[in-house]
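Below is one structure, written out as structure tokens; the observations come after it.
The values are calculated or read from the model by the stated rules, or taken from the named source; none is laboratory data. Every value quoted in this text rests on a predicted model; they were computed, and no experiment measured them. We place every Cβ from the backbone using ideal geometry, glycine too, and count neighbours over all the protein chains shown. Side chains included, ligands, DNA and RNA excluded: accessible areas come from the protein's heavy atoms. Shrake-Rupley method; radii C 1.70, N 1.55, O 1.52, S 1.80 Å.
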Amino acid sequence: MSSKRTVQFKIYRYDPDKDAAPYMQDISVELEESDKKLLDALVRLKAKDDSLSFRRSCREGVCGSDAMNINGKNGLACLTSMDDIAQPITLRPLPGLPVIRDVIVDMTQFFKQYHSIKPYLINNEPAPERERLQSPEDRDELNGLYECILCACCSTSCPSFWWNPDKFVGPAGLLAAYRFLADTRDQATSERLDNLEDPYRLFRCHSIMNCVDVCPKHLNPTKAIGKIKDMMVRRAV
Amino acid sequence: MKVAKRTFDAVIVGAGGAGLRAALQLSEAGLKTAVLTKVFPTRSHTVAAQGGVAASLGNSTEDNWHWHMYDTVKGSDWLGDQDAIEFMVKKANEVVVELEHYGMPFDRTDNGKIYQRPFGGHSQNYGQTPVSRSCAAADRTGHAMLHALYQRNVRANTQFFVEWMAMDLIRNADGDVLGVTAMEMETGEVSIFHAKATIFATGGSGRIYYSSTNAFINTGDGVGMAARAGIPLEDMEFWQFHPTGVAGAGVLITEGVRGEGGILRNASGERFMERYAPNLKDLASRDVVSRSMVTEINEGRGCGTDKDHVLLDITHLSPETINKRLPGIREISIQFAGVDPIKAPIPVVPTCHYQMGGIPTNYKGQVVVPKDGNPNVPVAGFYAAGECACASVHGANRLGTNSLLDLLVFGKAAGETVVSDFQSGQLTLKPLPENAADVSLARIARLESQTNGEEVHEVRLAMQRTMQKHAGVFRFADMLKEGVTKILEVAERAKHTQIKDKSKVWNTARTEALELDNLIEVAKATMVSAEARKESRGAHVRDDAIDCAETPNGRDDKNWLKHTLWYSEGNRLDYKPVTLQPMSADVEPIALAKRTY
Ligand SMILES: Cc1cc2nc3c(=O)[nH]c(=O)nc-3n(C[C@H](O)[C@H](O)[C@H](O)COP(=O)(O)OP(=O)(O)OC[C@H]3O[C@@H](n4cnc5c(N)ncnc54)[C@H](O)[C@@H]3O)c2cc1C
Ligand code: SF4
Ligand code: SF4
Ligand code: FES
């Protein structure tokens, strides 16, 4: 009994070294029984056509390398099951970022926004000998925030980020901003809020929720953004 | 071809835990540093570490570094160097508390301290009862740690070269290290990174095996580069097979699951570890648990239609505990095993996980090689830390949570050594040999012009199958012998791989071909070193080693209490003594004894 099956793909291809313009490639591949995820299928496909380029590393949804647009929705190839996926499987690069090659995008702008929120703990008191104490309840406040893998699925599905990638921090960056605002050990609350008090950086979010819909780690940037907005309001009164 | 040259005080290859920890030391001291990495730093495989990092903080149960040292030496089956081990366990609290100060979101105890859980092989009172020594952030400790370290480096303005692949080590006629060549993946351009100090932190090489918990990028690049440049590799026969990889998928299920109370069961539902390790049971050392599992499977007590795995059961834990302490595991299990561990046990098999061996270093992070009768002479300008290095603290078998500790302690130590060597004026920029990039350019040129060669994935698969079959959990004299012949054949094939993609831009066919060169070095080192070591010790267990009073568990201290050194050139072996003397007078050497749990 053979459980081999053939699957059809439609893949965005572009190699600036040889292609005048991007095109969609129709290609199929025969899968082995052990090929359970889309990433397995892509690896199988690459054995057939070694010029197909994509990023990948951990193959378990924790490194954030293999985000792409899968049948119209951003996601991680390594967490996308081959069982319930419609064919032909249409793969495109994450929308809104410059394409380097095939489904590999230039993420400079995305990381620039992440860096702009000062993504590190700020506490200028002399470090104590032992750990700073934090109650389990206070630590729980960081759940749903610190787990972000910087895959960019969210920001590249956000219309506000498409239009203003240089000005709007985007859901991933704002989630990170709230991660530090919510940390009882961080002392830079007002500095962080000042940094976001701007018509674009925070307030371009119109709660469209695309970001929540696509996050492969089930995080909720919209909620975090709402909490930052609440903090802004509270400090204004 | 003209090759661009960039000059730095120091170049660090690798931005995982070890590389980032070292980088912090250099950036904060103001050295002009370049950190090269194949992937964006937070995508390094440290991100996948789950269970925790060891430190005898004693937040939940009484603990001290003496017990930690004993466990580590015993875990290493006495192959670990006791000076380096003493150094590491004494520094543990300091480096873990530092991470907390950097913002790492550790779980907390009720009184607000860092949460700690039990882990395999870690005990109170010299092997008596399990101890809570693993400092954890849920089951995402590596992710929390790597992000905290990256974030701290953002604060320190560390200069990264992201998606740059180091290709070859540059040495001069005296053997001093002068930097590396590297290829920018986006453009395919090769540059020379000329530096006073070079630190390798390139991580593990688990992809030499067919079934592995390691990421695609864990191809042993640093280890391969060092070997090709004439540096011997230490103790490469010792590979850790983690007891609980998801059957079929290879994805890891942390030992922390057993730390939280998980139990391994065979086909009849028996908790079989009670028979093999009456004291620590499911929390015995990894090599012991993996062998017990394979024995159960080999003797027909495996589970499933093919009786080819065992079950990891946590259905007796409350859903609250599972969701709070093991949320990532629940997700992995649903994703990759198709079972929700709240309701049903997870199918698991021993899976290649960690390389105990690597580039030989001392506890300061200096790379050391034999010279003029001294087995440990530092190579000028060359340092290494993390999984690619062998300090050697893990010896023949690493304890869980000791690797994240290793990369913090020795990443920091390597950084400190470079800073102090730099400040004392010992590090100078030595002139580059002529055509320093020739080797790298020739490798690329070969791939450009190769015809009638095999495809990279075919040769890689042949290597992985050979390693899996001939150098697995249990090793057999005849299989090892045959394995050596086979792996040398595969190595020959790797010289003629062919790629169709000739683009300069993000050519992953080319990077995979270059990675294969590194994997092959590691695979050869492993097979040849394993064939030669005629005893059982830690993770290296062979059928012809006899368990008797003279050689307990097949361990032959009279002939084999020594480190292996494998040289790529001439495929040659050498040996050097194990350091049995601790660093200070604070502790007596841990005396040799039979290992039982
Ligand atoms: C699934 C899993 C779970 C684990 N869980 C634990 C745990 O709970 N506790 C514990 O103590 N240990 C654990 N370990 C082991 C531990 O995580 C690793 O040993 C450790 O993270 C390795 O860190 P590193 O910094 O040495 O390398 P890595 O984190 O692998 O980083 C290597 C770096 O080198 C770079 N690099 C490699 N080659 C090149 C090149 N040619 N050019 C440029 N850059 C290059 C990569 O881009 C990367 O940045 C686990 C391991 C695995 C696989
Ligand atoms: S909720 Fe805000 S951040 Fe999320 S997609 Fe919508 S606009 Fe973007
Ligand atoms: S919030 Fe989710 S989707 Fe966005 S970068 Fe983080 S993990 Fe990815
Ligand atoms: S490969 Fe790491 S997230 Fe998919």
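Which of rounded, prolate or oblate describes chain A when judged by the alpha-carbon gyration tensor and an a/c cut-off of 1.5? Please list the in-between numbers first.
On the way: a/c = 2.53, a/b = 1.90, b/c = 1.33.
Prolate is the answer for chain A, as a/c is 1.5 or above and a/b outweighs b/c.
State whether the protein assembly as shown is rounded, prolate or oblate according to the following rule on the C-alpha gyration tensor (a ≥ b ≥ c being the square roots of its eigenvalues): a/c under 1.5 gives rounded; otherwise a/b larger than b/c gives prolate, and the remaining case gives oblate.
Values: a/c = 1.25, a/b = 1.15, b/c = 1.08.
Rounded.
Positive end of the dipole of chain B, charges at C-beta (+1 Lys, Arg; -1 Asp, Glu), about the Cα centre: which of B:118, B:252, B:349 has its Cα farthest in that direction?
B:252
Note down the magnitude of the dipole of the protein assembly as shown about its Cα centre, charges +1 on Lys and Arg C-beta and -1 on Asp and Glu C-beta and zero elsewhere, to the nearest 20 debye.
Taking the Cα centre of the protein assembly as shown as origin, the dipole is about 1080 debye.
Within a Cβ distance under 13 Å of residue B:558, other residues only, what is the Lys/Arg minus Asp/Glu net charge?
Numbers: positive: B:534, B:537, B:555, B:562; negative: B:535, B:550, B:556, B:557.
Every neighbour counted, the sum reads 0.
Would you please name the GluC sites (Glu not before Pro) within the range B:508-561 that are DSSP coil residues with at most 10 other C-beta atoms within 10 Å of their C-beta?
Qualifying residues, ordered by number: B:550.
Given R₀ = 45 Å, what would the calculated FRET efficiency be for residue A:124 paired with residue B:371, taking r from the Cβ atoms and rounding to 0.05?
Details: r = 48 Å, r/R0 = 1.06.
FRET efficiency, residue A:124 to residue B:371: 0.40.
With the solvent-accessible surface defined on protein heavy atoms using a 1.4 Å probe, which residues belonging to the range A:55-103 display a reduction of at least 40 Å² in accessible area in the multichain context relative to the isolated chain?
Flagged in the range A:55-103: A:55, A:56, A:57, A:59, A:60, A:62, A:63, A:79, A:100, A:101.
How long are the semi-axes of the ellipsoid equivalent to the range A:174-237, from square roots of 5 times the Cα gyration tensor eigenvalues, in whole Å, largest first?
Working: eigenvalues 84, 43, 17 Å².
After diagonalising the Cα gyration tensor, the semi-axes are 20, 15, 9 Å.
When the gyration tensor of chain B is built from Cα positions, what are the square roots of 5 times its three eigenvalues, in whole Å, from largest to smallest?
On the way: eigenvalues 246, 148, 120 Å².
The equivalent ellipsoid of chain B has semi-axes of 35, 27, 25 Å.
Rounded to the nearest 500 deg cm²/dmol, what is the calculated helix-only ellipticity per residue at 222 nm for chain B, with -39500 (n - 2.57) per DSSP H run of length n ≥ 4? Walk me through the numbers before you get to the answer.
Values: 16 runs with 197 residues, N = 597.
Value at 222 nm, helices only: -10500 deg cm²/dmol.
Would you please give the residues with an amide H less than 5 Å from that of residue A:37, counting only those at least 5 places away or on a separate chain, with H modeled from the backbone geometry?
A:82
For every other residue with a beta carbon closer than 9 angstrom to the beta carbon of residue A:168, add +1 if it is Lys or Arg and -1 if Asp or Glu, then tell me the sum. All intermediate terms of the calculation are to be shown ahead of the outcome.
Numbers: positive: A:167, A:201, A:204; negative: A:166.
Charge balance in the 9 Å sphere: +2.
Indicate the gyration tensor shape class of the range B:370-521 (rounded, prolate or oblate), computed on the Cα atoms with a ≥ b ≥ c the square roots of the eigenvalues: a/c under 1.5 is rounded; otherwise a/b larger than b/c is prolate and the rest oblate.
Details: a/c = 2.07, a/b = 1.25, b/c = 1.66.
Oblate is the answer for the range B:370-521, as a/c is 1.5 or above yet b/c matches or exceeds a/b.
Across bins of 10 angstrom width beginning at 0, how are the C-alpha pair distances of the range B:112-152 distributed, in whole percent?
27, 40, 25, 8
Output the Cα-based Rg and Dmax of the range B:444-597 in Å, rounding Rg to one decimal and Dmax to a whole number.
20.1, 63
So what are the ³J(HN,Hα) numbers for the range B:415-427, from phi and the Karplus equation (6.51, -1.76, 1.60; θ = phi - 60°), rounded to whole Hz, Gly and Pro as x?
x, 5, 5, 4, 4, 6, 5, 5, 5, 7, x, 6, 8
Given H placed on each backbone N at 1.01 Å, which residues far from residue B:382 in sequence or on other chains put an amide H within less than 5 Å of it?
It is B:177, B:198, B:367, by chain and number.
Suppose accessible area is computed on protein heavy atoms with a 1.4 Å probe; arrange B:70, B:209 from highest to lowest. Kindly include the intermediate steps, with their values, before the conclusion.
Details: B:70 45, B:209 0 Å².
Greatest to least solvent exposure: B:70, B:209.
Just need the relative contact order of chain A here, percent rounded to a whole number, with Cα pairs under 8 Å and 6+ apart.
Values: 383 pairs, mean separation 41.1, N = 237.
It comes to 17 percent, rounded to a whole number.
Within the range A:128-170, find all residues whose amide N lies under 14 Å from a label point positioned 7 Å from the Cα of residue A:223 along Cα-to-beta-carbon.
Those under the cut-off are A:140-148.
At 222 nm, what value in deg cm²/dmol follows for chain A if DSSP H runs of at least 4 each add -39500 (n - 2.57) and the sum is divided by all its residues, to the nearest 500?
Values: 8 runs with 71 residues, N = 237.
One gets -8500 deg cm²/dmol as the mean residue ellipticity at 222 nm.
Please compute the contact order of the range B:455-564 in relative form: average sequence separation of alpha-carbon pairs under 8 Å and at least six residues apart, divided by the residue count, as a percent.
Over the range B:455-564, the number comes to 29 percent.
Along the range A:94-103, what does the Karplus equation 6.51 cos²θ - 1.76 cosθ + 1.60 (θ = phi - 60°) give for ³J(HN,Hα), rounded to whole Hz, x for Gly and Pro?
3, x, x, 10, x, 8, 8, 7, 6, 9
Taking every pair of alpha-carbon atoms in the range B:280-347, give the share separated by more than 17 Å as a whole percent. Let's see the in-between values first.
On the way: 1169 of 2278 pairs.
Considering the range B:280-347, 51 percent of its Cα-Cα pairs are separated by more than 17 Å.
Return one whole number: the accessible area per residue of chain A in Å², for a 1.4 Å probe. List each step's numbers first, then the result.
Values: 10120 Å² over 237 residues.
I get 43 Å² per residue for chain A.
Using the basic label-point model (7 angstrom from Cα toward the beta carbon), what is the residue B:64 to residue B:488 distance in nanometres?
5.3
With a 1.4 Å probe on protein heavy atoms only, work out how much accessible surface B and A bury together, total over both chains, in Å² to the nearest 100.
Details: alone 21530 and 12700 Å², together 29120 Å².
The buried area between B and A, both sides summed, comes to about 5100 Å².
Please list, in order, the residues from the range B:304-320 whose amide nitrogen is less than 18 Å from a point placed 7 Å along the Cα→Cβ vector of residue B:343.
Only B:312-320 pass the distance filter.
Mind checking Rg over Rh on the range B:217-261, alpha carbons, Kirkwood formula for Rh?
Numbers: Rg = 15.5 Å, Rh = 13.4 Å.
The Rg/Rh ratio comes out at 1.16.
Give me the one-decimal nm value for the distance between modelled label points at residue A:194 and residue A:48, 7 Å along each residue's Cα-to-Cβ direction.
About 5.8 nm, to one decimal.
Take the alpha carbon atoms of the range A:1-31, find their center, do the same for the range A:181-237, and report the distance between the two centers in whole angstrom.
Comparing the Cα centres of the range A:1-31 and the range A:181-237, I get a distance of 39 Å.
Under a 10 Å cutoff between Cα atoms, tell me which one of A:224, A:152, A:188 has the largest fluctuation in the Gaussian network model of chain A.
A:188
For the range A:2-123, what relative contact order do you get, as a whole percent, if you take Cα pairs closer than 8 Å and at least 6 residues apart?
Details: 197 pairs, mean separation 31.1, N = 122.
It comes to 26 percent, rounded to a whole number.
Go through the range B:390-474 and name the GluC sites (Glu not before Pro) that are in a DSSP coil and have 10 or fewer other Cβ atoms within 10 Å of their Cβ. Let's see the in-between values first.
Working: sites: B:416, B:434, B:448, B:454, B:455, B:458; in loops: B:434.
Answer in residue order: B:434.
In chain B, what percent of the accessible surface is made up of carbon and sulfur (1.4 Å probe, ligands and nucleic acids excluded)? Spell out each step's value before the answer.
Values: 9270 of 19000 Å².
Roughly 49 percent of what the probe reaches on chain B is carbon or sulfur.
Given points 7 Å out from each Cα along the Cα-Cβ axis, report the residue B:592 to residue A:137 separation in nanometres with one decimal.
Modelled inter-label distance: 5.8 nm.
If exposed means no more than 16 neighbouring beta carbons inside 10 Å and the site is in a DSSP loop, what's the longest run of chain A without any exposed trypsin sites (Lys or Arg not before Pro)? Walk me through the intermediate numbers first.
Working: sites that count: A:4, A:18, A:130, A:167.
Between exposed loop sites, the widest span is A:19-129.
Can you give the Rg to Rh ratio for the range B:1-145, taking only C-alpha atoms and Rh from Kirkwood?
Values: Rg = 17.8 Å, Rh = 16.9 Å.
For the range B:1-145, the value is 1.05.
Which value, to two decimals, describes the C-alpha radius of gyration of the range A:79-183 once divided by 2.2 N^0.38 Å? Working shown, then result.
Values: Rg = 17.9 Å, N = 105, 2.2 N^0.38 = 12.9 Å.
For the range A:79-183, the normalised Cα radius of gyration comes out at 1.39.
How much accessible area per residue does chain B have, in Å², with a 1.4 Å probe?
On the way: 19000 Å² over 597 residues.
That works out to 32 Å² per residue.
Taking the Cα centroid of the range B:135-170 and of the range B:414-460, what is the distance between the two, rounded to the nearest whole Å?
Value for the Cα centre distance between the two parts: 22 Å.
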